[in-house]
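Comments concern the structure below.
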Amino acid sequence: MEIPLYQVDAFSSRVFAGNPAAVCPLQEWLPNDVMQSIAMENNLAETAFFVPEGDGFRLRWFTPEVEVDLCGHATLASAYVLMTQMQTQLTAVSFHTRSGELRVNRHGDQYAMDFPSRPPQRLEVTREMTEALGAEPLELWAARDYLAVFDSEPAVRALRPDMPRIAALNKFAVIVTAPGDYVDFVSRFFAPAQGVPEDPVTGSAHCTLIPYWANRLNKIIMEARQVSRRGGEIHCELIRDRVCIVGRAAMFAIGRISI
C-alpha cells in the first residue's frame, strides 16, 4: 500500500522555520497501530491523518507516542495541503475532531483557525514546578497544560527544563510565557511525556495563552511568538468562547509512504 505524505512547516512563510508536521490524506482509516507506527517513523511532533466525512473531513493527530485531542500546527498543515495541493478551489474547510468542529478559512497566504478557548485557573507555584523548570515562575495556572508565567522574554528563552521532571508532572504539557519584547507575548512548550520534549510552535497552547493574555492585557487581538529554536509567529484573537489562531505555512516535501 502507498499513502501520500506531505511535510509542511506550519506557522512560517518559509521552510526550516515554524513547526514541521506530516500530513497523510486517506480515503479510509488505517488501523490505529499502523497510524501510530507511521507517526513514530516520521518522528515529527505530529502526523495528521484525515478522511472525507460529510461536508468536510475527519482529522486525527498522532505524536510519536500517542494520539492527541487537539493540535494546531498539524491542523494548519492539513488545511494548507487541502487548499494548495488537493482542492485548490477551497477557501474554507471544516474538520471533525475529538475537540469538536474546527474550521479553517484561507485569506491569501494566511490560514485562520477557529479553535476552542481553554482559560486557565490560578494555582500556587509548587516546588515540583520550580525544580522541573529550573527557575521559579511568578505565577502558575492550569487548563489542559500547566501555564508558568515569567517576567520577561529573556527569562523564557533562558530556561533549560529538566525533561524527566517535566514528564512526571500530572498534566499533558507545560507552557511557559512572558511579555514579549516586540510582540504582546512569547511562549515555549514542553511535552516530553507525549514524545515531544520541546515543540517548535504549538497552536493548541494558544487556546490557553490567548484567554490568559487577553484578560491580562485587556485586549482581544494580539501578536505572539513562540521562542523555540525554530520559532514561529502567531496572530491571535479572542472571540467569546473561541480563539482565532492565524498563521502561514510552507511546503517542505511531497512523497509516498510504502507499507
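Of the beta bridges in the range 8-57, as assigned by DSSP with both residues counted there, near 50 percent are antiparallel. To test your reading of the geometry: what angle, between 0 and 90 degrees and rounded to tens, separates the Cα axis of helix 72-81 from the longest principal axis of the chain? That helix lies at roughly 30 degrees to the long axis. Footprinting exposure proxy ranking of Leu82, Leu159, fewest other C-beta atoms within 10 angstrom first, gives Leu159, Leu82.
For trypsin sites (Lys or Arg not before Pro), the sites in the range 153-259 that DSSP calls loop and that have at most 14 other Cβ atoms within 10 Å are Lys219, Arg229, Arg240.
Along the chain, counting only GluC sites (Glu not before Pro) with a DSSP assignment other than H, G, I, E or B and at most 15 other Cβ atoms inside a 10 Å radius, the longest segment between sites is 125-259. Full extension of the chain segment joining Arg229 with Ser258 gains 7.3 nm, where the gain is 0.36 nm per residue of separation less the Cα-Cα distance.
No value in this document is a laboratory result; all are computed from the given coordinates. Everything quoted here is computed from the prediction, not taken from an experiment. Note that each Cβ is placed from the backbone with ideal geometry, even for glycine, and that neighbours are counted across all protein chains shown.
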